[in-house]
1. Give the span of region A:32-94's Cα atoms along each principal axis, as three whole-Å numbers ordered largest to smallest.
2. What does the structure give for B:446-457 when I average, per residue, the other chain Cβ atoms found within 10 Å of the residue Cβ?
3. Below 8 Å between Cα atoms, with a sequence gap of 6+, how large is the relative contact order for region B:213-263 in percent?
4. Return an integer: the convex hull volume of the alpha-carbon atoms of region A:100-176, in Å³ per residue.
5. Kindly state, to the nearest 0.05, the FRET efficiency for B:Lys473 paired with A:Leu11, given R0 = 30 Å and r defined as their beta-carbon distance.
6. Give me the net charge for the shell around A:Gly53: Cβ to Cβ below 13 angstrom, other residues only, Lys and Arg +1, Asp and Glu -1.
7. Against the globular-protein guess of 2.2 N^0.38 Å, express the Cα radius of gyration of the protein assembly as shown as a ratio, rounded to two decimals.
8. Pop a pseudo-label 7 angstrom from the Cα along the beta-carbon direction at both A:Arg76 and B:Ala48 and give the gap in nm to one decimal.
Amino acid sequence: MLNAIASLTTLGLLLGLLLAVAARFLRVAADPLVGELESLMPGSQCGQCGFPGCAPAAEALVAGEAPVTLCPPGGRALAGQLATRLGVTVDLSGVADKPPSIAVIDEQRCIGCTRCLKVCPTDAIVGASKQIHAVIRDACTGCEQCLDTCPTDCVVMHEIQPTLQSWHWPLPVLAA
Amino acid sequence: MKLFRIRGGVHPAGRKEATRDLPIETMPLPGRLYLPVQQHIGAPAAPAVKVGERVLRGQLLAHSQGAVSAPIHAPTSATVADIADLPAPHPSGLAVRTVVLAPDGLDEAVDRETVADPLSLSPGEIATLVGAAGIVGMGGATFPAAVKLNLPRRQPIHTLVINGAECEPFLTCDERLMRERGDAVIAGIRLMARALGVQRTLVAIEDNKPEARAMMVAAAAGVDDFRVLGVPTRYPMGSEKHLVQTLTGLETPARELTADLGVVVHNVATAHAVYRALYHGEPCISRVVTVSGGATQRPANLEVRLGTRVTDLLNHCGGFRETPARLLAGGPMMGQMLPHQRVPIVKGSSGILALTGAETAGRREMPCIRCGSCVEACPCGLLPLAMAAHGRAGDLEGAARHGLMDCVSCGACAYTCPSHIPLVQIFHHARGALAARQRVAHKAEETRHLSQRREARLAREQAHKAAEAAARKAAREAANKARAAAREAAS
């Protein structure tokens with residue numbers, strides 16, 4: 001009994017020491033490419049890519065463990081930018097280019113449960129317990145995190161309509 | 001005075017014969033007026049009236065918001081019939097917040113104070129009054145005039161240039177203003193020169209308007225530091241940067257403004273509006289509009305209350321001779337296509353053109369033969385063919401590297417292109433797409449800030465909770481200890 005405890009403790013200590021030494025002397029400086037990719041990404045840490053945030057996703061991209069099409073909110077534009085930066089070719093036709101949209105809370109159905117405001121990565125939902133919640137349009141990134149948490153399905157996504165300020169001419173089509 | 005040459009430019013047919021000798025005609029009040037709250041560059045105005053309220057001519061309908069903005073006034077006495085999102089006079093046909101007025105026909109003016117001698121006002125006071133009158137660049141740029149009059153507080157301004165070039169084909173509204181109301185225009189110019197505190201004022205009129213120039217010379221006689229000059233007839237002579245270069249020889253550096261050279265440019269119609277505002281206390285509520293184009297029954301120069309719809313204007317001019325192929329607000333070179341006739345005249349509408357199929361000549365696009373015609377025509381010294389190639393391929397940065405942001409969208413390149421390539425249209429698209437991309441990047445930056453703030457907030461809350469728990473635990477232990485001590489003392 002005592003033998004077992006002693007040997008395991010020693011083993012633990014030795015291995016811990018080894019790890020500490022390795023962490024100090026074999027440390028790899030953070031890849032600057034990771035930071036660059038991260039700055040391209042939406043930065044809402046929404047987790048739709050399956051990684052816990054934009055930084056881990058950028059790391060996975062650099063390591064080649066994730067496709068450049070991983071980010072649903074970034075859409076086709078981001079996939080293109082990532083592909084250019086990483087020097088890979090990618091077929092973007094398959095990437096759904098979701099039109100930019102924002103969450104809207106149906107006030108008739110909101111019960112004020114505060115669940116959605118806890119998951120919002122940008123604190124774009126305001127509200128309090130048993131008060132109707134509302135979305136701050138400018139802060140919402142359309143990441144859809146709040147959709148699943150709502151017990152009454154009162155959050156819906158609305159496409160952002162072009163305004164006089166955001167509208168611009170389409171590219172003139174080549175005459176056949 | 002020595003004039004300087006600008007590079008490039010084209011000579012489109014003037015087509016001003018239809019309206020240049022027609023006096024300005026006052027258009028009767030229509031049944032409804034539609035006043036968008038955004039008739040200027042900058043922040044939209046905020047409505048200051050309620051539906052059902054009665055307003056008088058010159059009364060404030062919407063006040064300006066922010067530093068670059070302009071208020072909107074009631075063009076006549078009326079009842080506010082509605083405040084709704086209605087189509088804007090814009091190629092997209094998208095809606096804009098619009099105050100709808102039902103005129104009562106009395107045309108009663110609101111009481112207002114007029115200054116006995118506006119020329120005795122201080123520069124700051126003139127600028128403030130111009131801003132309160134909602135005056136914007138009436139040549140079509142619609143930049144709030146007061147902001148430009150306040151420039152001397154930020155940078156030295158030595159010259160005021162008054163733009164009477166009117167280089168766009170068809171348009172004659174500025175020419176008629178100068179010929180019929182030369183004295184008023186000069187009075188307005190004097191006020192602006194005083195507001196700016198400039199050493200000299202140059203009024204530039206294209207050589208194809210000798211009558212207007214003669215009138216202005218006569219009106220300006222006896223005013224010191226005023227020069228009325230004829231400039232060569234060449235499109236785009238009326239472009240601010242090119243007019244300044246013609247007159248002073250100073251070329252505006254890339255991405256800068258003429259104000260950086262110490263020169264401010266205002267349009268003659270703006271000068272007229274300044275005169276109306278300061279001598280008659282009348283804010284910007286009407287303007288002269290040229291109605292022309294081969295498809296109009298009776299071309300005319302009309303003095304129109306703002307908010308009158310294009311359809312009312314065209315009906316007043318006898319409707320169409322034939323179905324127009326294109327309806328334009330402004331001139332044919334830089335004007336905006338109108339989606340339909342149910343849009344209002346706004347502060348920047350200098351003309352309404354109904355063009356026939358022959359005048360628009362929808363031509364088949366052919367491949368670029370790299371002839372360089374567009375390069376020769378470009379007044380900014382850019383390479384339109386290279387910019388277009390990049391723009392069309394979606395390489396917006398490439399287009400920007402070739403000077404997309406220095407293009408003034410004059411359209412001389414597309415006009416001259418023998419292959420009929422829609423060059424300037426490609427630039428419109430590329431610039432819009434570039435702006436959209438910048439908005440997305442800005443939003444991403446903001447999102448990152450927000451999510452960092454949220455992380456910080458969560459960390460703060462956790463720390464707070466931990467501290468509270470620790471405090472509670474400490475309190476509990478202290479109480480326990482005290483209780484134990486008490487028990488010991490008791491036993």
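Any read-out appearing in this document is the output of simple, stated calculations on the displayed coordinates, not a laboratory observation. Nothing here was measured: the structure is a model prediction, and the numbers come from that model. As a convention, Cβ positions derive from the backbone with ideal geometry for all residues, glycine included, and neighbour counts pool all protein chains shown.
1. Projected onto its principal axes, the Cα set of region A:32-94 covers 26, 23, 18 Å.
2. Mean partner shielding for this stretch: 6.
3. On the way: 27 pairs, mean separation 10.8, N = 51.
Result for region B:213-263 is 21 percent.
4. Details: hull volume 9.7 nm³, N = 77.
Once divided by residue count, the hull of region A:100-176 is 126 Å³.
5. The computed FRET efficiency comes out at 0.30.
6. Details: positive: B:Arg448, B:Arg454; negative: A:Glu38, A:Glu59, B:Glu455.
Around A:Gly53, the charge tally is -1.
7. For the protein assembly as shown, the normalised Cα radius of gyration comes out at 1.25.
8. Label-label distance for A:Arg76 and B:Ala48, simple model: 4.7 nm.
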